[in-house]
Each structure stands twice: as C-alpha cells, then as structure tokens.
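Visitor: The structure that follows is given in the form of structure tokens.
Nothing in this text is a laboratory measurement; each read-out follows from the coordinates by a stated rule. Because the structure is predicted, anything quoted here is derived from the model rather than measured. Every residue, glycine among them, receives a Cβ derived from its backbone with ideal geometry; neighbour counts consider all protein chains shown.
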Amino acid sequence: DGAGAGGARADGSGAGVAGAGVVGAGVAGSGGVGADGAGSGVARAGAAGAIREPGVAYQWYTGTSFRLPEKVAYGASVTTPGGIVCIGGETATGYSKKVFLLRWDPARRKLRFKDLPDLPVALANAGAALIGQTVYVVGGENAERALTGLFSLDLAQPAGWQRLPDVPLAISHSAVVAQSGMIYVIGGRSKTASGVSTLHNTVFRYDPSAMIWQQLRPVGDGIHPPHLAAANAVADDKGGILVIGGDDGRVFHELETLNARIAAASGDVLRRRLLSRKLAIIGSHPGFWRGILRYDPSGDRWTGLGDLPVPAPVTTTAVRWNDAVVIPCGEIKPGTRSADILMGRLNP
C-alpha cells in the first residue's frame, strides 16, 4: 500500500533516525534524537504526512501507534527479506549491544519485534550491510574511542555474532554498503584524546570469501571535499555506489575545538564567551555538504553527479525502495533535526 511507519510526528518535529529500512510495501524509520525541525523540497514528507511526486502519493499509516521497546538513537540498521535489523545505538543509560528485527505484519497491520543475539560489544554510529542472509556490522564507537570491529550474524541460524578481521582503521560514522558480494566502508571519523575528531577520506573493501581488507582510492573526484563523515550511501543497479551528502568537516572541527575549550574553561566568564561563539557558529551554519558522488569499484574511480536540491541530512540511513532512494529525517545542521523524507529516483 506504499505506507510508511515512524519518522515525522504530527507536531512536525523531526529525528535523527536510529534505524531505517523497507518493511513489506513501505519504508520505516525508528528511534532517534528528536528536536523541532522543518525543511522544504520536492518528493518529501513533513508534518502534512505525504510524500509527493508527479503522479504518485504516499501516505503515512497512522492507524496504530508504534513504539520501540526502548528509546534509542544512532544505531545501525539494514533491510533484510524478513524485516529491518536494528543494531546497537545510544540509550538514556549509555551505549547498547541490543539487536532486534522489526517486521511489518500486513494482516494485522502491526509492527512485530523479534530479539536477536546481542553484539559482543556495546556501540553506536556503526555501519551495517547485508550479503545473502548474513548481516555485517562495521566499526562504530563507544564513550572512549572509535572501534575497529567487524562482526557478522547469519540470520538463517542466528546463534551468535562472529568476530571477523578488524577494519584497518578505528572508525565510526562511515557509509557502509554491500555491492556485488563485497563490503565497502567509505569515509568516517575517529575520536581523539583532544576531543577533536579526525575525519577520513578512506575507502576500504572487505571480501567475505577471502576474509581480507583492501584499501581503495580515497573519496573525491578532485573537486569535492576530500574528507567525509556521516554520509548516506546505497548500491546502484550498475555495480556502483552512490554517496549522498555528509559532513566535510569545515565547521565540525571548529565546533569540536570549542566544545573542548568550554569543557576545560576555568571561569564562568570565559565559558559564557566560548558558548556564545559556539551558538553563533551554529546559527550561521550553512548546512552539510550536499554533493552526490558515484564510486565505480570496477575502475576504482569517483565521479561527481551534482548536488541535492535541498539540505543534506546526516546521521540517518538511506535505503533502496524499488527504483528509489529514500533518506528519512536526520540532521541538516548541528542540533537541527529534520522531519523531511527525501526520495529520488534512480535512472535506468
């Protein structure tokens, strides 16, 4: 029926999505950090409740109130034939190792939850991808550091997670995509002891058959930003990968530096002055990078495809829905969440 579940609320507030994927005939978004937010653009949904494009309309299903088992944000998620697997994230009490399957019951028009084995470690801001019936979880972070872990879970026999060879770099906020039987880890960032993260332009490929990692050409086509974190990415039907938006670090590093100075400030006057400067930077923030890149694994090359016509959301999960790419909610400026659902069609 083209219905979607979760995402924008009736009051028009938005969320940084903890999980997103395709359930049955619809797209679902779950969890996240909520804040008042609004946006504009074509092929989108907001508080009005519909995604519109020429000749097509999609309506939210509002007949039932949906709630996750607990409040969670910054988790990883991946669409599977059986539903959406939601992985880890941040809760009110800390980082989570919980994993569950979110499934749409079309007969009863209800969401069903099924617990899956816990991760070996609690984490947030990891990436996830599916090959066959195996879910892979890459990187992420905890309160102290970015992580190097690679874990897999066989959904056909989900007895427990398997530890695989570590990612060559401790990294979180990467775009993680499966394409042609391989796992690609694109960009990201890493916490440091100074409180100022290192952003990356790295691209790694994992071969599950050989169980080896390979480093590929860095992100960028020579024109677009060389570093990228929290981008959205999907596999296309021609063997490539589309990378959409992301944080290029131009303002991010300045804000993190101010956060570190505010935390270390010895007096109220200095702290207020630094906080005022931080708020001014956030208020004038231009939004995240809007570019769209395509990576061709066969030629190990990047190509620029233009820009999004609307603000680019980060800390959310882009999903394929038939011939469309859907990006639900997310954050369009530091601290500014969006209620928009973006949708773009892939050229045949």
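Visitor: Show which lysines lie in cross-link reach of Lys333 when reach means a straight Cα distance below 21 angstrom and same-chain residues fewer than eight apart are skipped.
Guide: Candidates past the 8-residue exclusion: Lys191, Lys278.
Visitor: Using a Cα-Cα cut-off of under 18 Å, which aspartates and glutamates could be cross-linked to Lys98, ignoring same-chain neighbours fewer than 8 residues away?
Guide: Lys98 reaches Glu70, Glu90, Asp115, Asp118, Glu141, Asp154.
Visitor: How long are the semi-axes of the equivalent ellipsoid of the range 189-348, taking √(5λ) for every eigenvalue λ of the Cα gyration tensor, in whole Å from largest down?
Guide: Numbers: eigenvalues 216, 79, 32 Å².
Working from the Cα gyration tensor, I get semi-axes of 33, 20, 13 Å.
Visitor: Next up: What relative contact order, as a whole-number percentage, does the range 188-343 give when Cα pairs under 8 Å and 6 or more residues apart are counted?
Guide: Values: 285 pairs, mean separation 30.9, N = 156.
Relative contact order of the range 188-343: 20 percent.
Visitor: Hey, fewest Cβ within 10 Å first, where do Met343, Met211, Met182 land in order? Present the calculation step by step, with values, prior to reporting the outcome.
Guide: Working: Met343 22, Met211 10, Met182 16.
Taking fewest neighbouring Cβ atoms as first place, the list is Met211, Met182, Met343.
Visitor: Give me the net charge for the shell around Phe204: Cβ to Cβ below 14 angstrom, other residues only, Lys and Arg +1, Asp and Glu -1.
Guide: Values: positive: Arg205, Arg217; negative: Asp166, Asp207, Asp300.
Value of the local net charge: -1.
Visitor: Volume per residue, Å³, of the convex hull around the alpha-carbon atoms of the range 268-339?
Guide: So the per-residue Cα hull volume is 140 Å³.
Visitor: Let me ask another. Short version: ³J(HN,Hα) in whole Hz for each residue of the range 198-209, in order, from phi by Karplus 6.51 cos²θ - 1.76 cosθ + 1.60 (θ = phi - 60°), x for Gly and Pro, what are they?
Guide: Computed from phi, the couplings for the range 198-209 are 9, 8, 10, 10, 6, 10, 10, 10, 10, 9, x, 5 Hz.
Visitor: Taking 4 °C and 1.567 mPa s as the conditions, I'd like the Stokes-Einstein D for the range 198-243 in µm²/s, using the Kirkwood hydrodynamic radius from alpha carbon pairs. Intermediate results must be reported in sequence, preceding the final value.
Guide: Working: Rh = 12.3 Å.
Estimated via Stokes-Einstein, D reaches 106 µm²/s.
Visitor: For Cα pairs less than 8 Å apart in space and 6+ apart in sequence, what is the mean separation divided by the residue count of the range 198-272, i.e. the relative contact order in percent?
Guide: On the way: 76 pairs, mean separation 15.5, N = 75.
Normalised by residue count, the contact order of the range 198-272 is 21 percent.
Visitor: With no solvent and one point on each alpha carbon, what is the Debye value of log10 I(q)/I(0) for the range 133-254 at q = 0.20 Å⁻¹?
Guide: Each listed q maps to, in turn, -1.16.
Visitor: Let me ask something else. Order by neighbour count: Phe288, Phe66, Phe204, fewest other Cβ atoms within 10 Å first, most last. Intermediate values should be presented prior to the final figure.
Guide: Details: Phe288 28, Phe66 13, Phe204 22.
Listed from fewest to most nearby Cβ atoms, that is Phe66, Phe204, Phe288.
Visitor: If you rank Asp236, Asp207 by fewest surrounding Cβ atoms within 10 Å, what's the result? Walk me through the numbers on the way to the answer.
Guide: On the way: Asp236 17, Asp207 12.
The most exposed by this proxy come first: Asp207, Asp236.
Visitor: With an 8 Å cut-off on Cα pairs and a minimum separation of 6 or more residues, tell me the relative contact order of the range 284-348 in percent.
Guide: On the way: 104 pairs, mean separation 16.6, N = 65.
Worked out over the range 284-348, it gives 26 percent.
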